[in-house]
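These notes concern the structure reproduced below.
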Amino acid sequence: MSSHSSQRKSPPTYPGLFITFEGPEGSGKTTQCQHLAQWLQTNGQSVLITREPGGTPIAEAIRNLLLTKKTGPQKHETITPVCEAALVLAARSQHVTHTIVPALQKGMIVLCDRFFDSTLAYQGFGRGLNREALTRFNDFATGGIRPTLTFLLDLPVKEGLQRRKKASKQNRMDQESLAFHERVHRGFITLARQDAKRWRKLDAQQSPEQLAEEIIRHIQPMVPKSISPRKKRTSNTRLATKPKKSRA
Ligand code: TMP
């Protein structure tokens, strides 16, 4: 992939805090998002949990198109890498406009299960699309918004795929070759190395409880500095959409 453009305009900023979770298949992102949301909520923060592709009704419909294993007349038509990227970015445009930005404008903490780094890892490193083109297309679709902090839940590809099989969570991406998933994994590691200030790389082989504690240790110092805690409320966590099944 070509190098990242250094000429990008500075991204928009909002009163809230935008945090993303990234990682290969089966890394436990969904569980950790939910755990962190609970912790933030008990500490008086307003939280929105959301995911990509998805997070609005239209974006969730695009997710189904992208991830459902193909049957019927669609079975023999492959989705091209460019079509895949365009669908992911179409969903992101809906998601950023209708869900993420309004929540950040209200000062909420947005926890997002995958975002643009997944596009670079899957469509860039995995499918071989040009990084610069993906970045431009992404910024065109979203206005260039970036997370403040990104957790990489890292584990060996084979272990993640095994976890997915065990949990019977198989989608169109899981059917890709091991080599594809290895390229995606290498992509995440490269991205995390290139922007160490934003990324926190964590060992997702440790127990979910240990991982959750480590995540909180990273977040704790940021929360009071980034936004002022609100009065404690009984329920201040919102789900952008109700996923049918929780996915790792
Ligand atoms: P997940 O919700 O279980 O992580 O599944 C989402 C799938 O979508 C996963 O295989 C990664 C893929 N994906 C992309 O290929 N590109 C993207 O930009 C995003 C956000 C996800």
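Based on DSSP H runs of at least 4 residues, each adding -39500 (n - 2.57), what is the mean residue ellipticity at 222 nm of the chain after dividing by all its residues, to the nearest 500 deg cm²/dmol?
The per-residue figure over the chain is -12500 deg cm²/dmol.
Using only the alpha carbons of the range 86-218, what is the convex hull's orientation-averaged projected area in square nanometres?
8.8 nm²
Please give the FRET efficiency for T78 paired with H218, using the beta carbon to beta carbon distance and R0 = 41 Å, rounded to the nearest 0.05.
Result of the calculation: an efficiency of 0.55.
Measure out, as a whole number of angstrom, how far apart the alpha-carbon centroids of the range 43-113 and the range 116-133 sit.
16 Å
Where Rh is the Kirkwood radius over the Cα pairs of the chain, the temperature 37 °C and the viscosity 0.692 mPa s, what D in µm²/s does Stokes-Einstein return?
178 µm²/s
Give K106/K197; K29/K169; K29/K69; K75/K158 a once-over and call out the pairs whose C-alpha atoms are over 20 Å from each other.
Flagged as over cut-off: K106/K197; K29/K69; K75/K158.
Just so you know, all these numbers are worked out from the coordinates, no wet-lab data involved. Computed from a prediction, not measured in an experiment: that's the story for all the values here. All Cβ positions, even for glycine, are placed from backbone atoms using ideal geometry, and neighbour counts span all protein chains on display.
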